[in-house]
Amino acid sequence: MNSVAALGNDGHHRVMDTDVPTLRAARLDDAAAIGLVHVRSWQAAYAGDFPQHYLDALDPTQRADGWRHILGRTDRDRQADLVADLEGKIGGFASVGPCRDDDAHGAGEVYAIYLLPELWGRGLGRQLMSAALDTLTGFGFDEATLWVLDRNDRARQFYEAGGWHADGATKVEDGPGFPIAEVRYRRSDLRVAAEPDPPPATSHP
């Protein structure tokens, strides 16, 4: 099924098919649902890469508290959080804003983009990324970066298929008892429109 994104009169990114979520700005009352997506996506995506005991201990309630703090702030300059709303159920989220890296000053950054695992492979990741890049464009950015786990082949393939490329920057974060090695991706042309859903057999985040 093909779904074409459109911008509604209320400023929300909408799609023509009713089974595809509305992409909208996150609200404070979305915090619990975002926390759940955050935890469940990490548990699925990073199994085998992060220690299992760490993944099992991730707490959606704790993540929700963090998101309430983020969504409740009023001093966020050119930052935004988007959710994929499927008839009241949050299926994914993305966070964007100015790049935090000193060597990429002036670029935007996709801080996070995650979906519930059961929604992988339906084209929603591309729709959400498109909305995230549209938001960065609206903030005045014409270039963006993001960081991805170096061993996350699924995500890296998704980004590369969407026009991103590894720019050579790497870092190792100190995780809770284990290192997290990441690579940076960059995209220069942010003027994109939402793409059609892929065929059912195609796998995307």
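Each reported figure results from applying straightforward, stated rules to the coordinates on display, with no laboratory input. Source: prediction; values computed, not measured. Methodologically, a virtual Cβ is constructed for each residue, glycine included, from the backbone with ideal geometry; neighbour enumeration extends over all protein chains shown.
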Full extension from Thr61 to Glu160: what is 0.36 nm times the residue separation minus their Cα-Cα distance, to one decimal in nm? 32.3 nm
Paramagnetic reach from Arg100 in the range 36-73 [backbone N under 14 Å; point 7 Å along Cα→Cβ]: 67, 70
By how many nm would the segment from His53 to Ser188 lengthen if fully extended, with 0.36 nm per residue of separation less the alpha-carbon distance? 44.7 nm
When Lys and Arg each count +1 and Asp and Glu each count -1, what net charge do the other residues less than 15 Å away from Arg68, Cβ to Cβ, add up to? -1
Average Cα contact separation per residue, the range 49-205, under 8 Å, 6 or more apart, as relative contact order %: 21 percent
Likely footprinting exposure, Thr137, Thr74, Thr170, fewest C-beta neighbours within 10 Å first: Thr74, Thr170, Thr137
Taking 7 Å along the Cα-to-C-beta vector as the label spot, tell me the Glu87-Thr137 distance in nanometres, rounded to one decimal. 3.1 nm
Based on the alpha-carbon gyration tensor of the range 110-171 and its eigenvalue square roots a ≥ b ≥ c, which shape applies: rounded if a/c is under 1.5, prolate if not and a/b is larger than b/c, or oblate? oblate
Name the long-range amide H neighbours of Tyr111: under 5 Å, sequence gap of 5 or more, or other chain; modelled H, no Pro or chain starts. Ser95, Val96, Gly97
Global geometry of the range 23-187, whether rounded, prolate or oblate, following the gyration tensor of its Cα atoms and the 1.5 cut on a/c: rounded
Among Asp134, Asp59, Asp75, what is the fewest-to-most ranking by other Cβ atoms within 10 Å? Asp75, Asp59, Asp134
Residue exposure sequence - Ile34, Ile180, Ile113 - by fewest surrounding Cβ within 10 Å: Ile180, Ile113, Ile34
Semi-axes of the equivalent ellipsoid for the range 43-84, Cα gyration tensor, largest first, Å: 27, 13, 9
What does the charge count near Asn152 come to, summing +1 for each Lys or Arg and -1 for each Asp or Glu among other residues with Cβ under 15 Å from its Cβ? -1
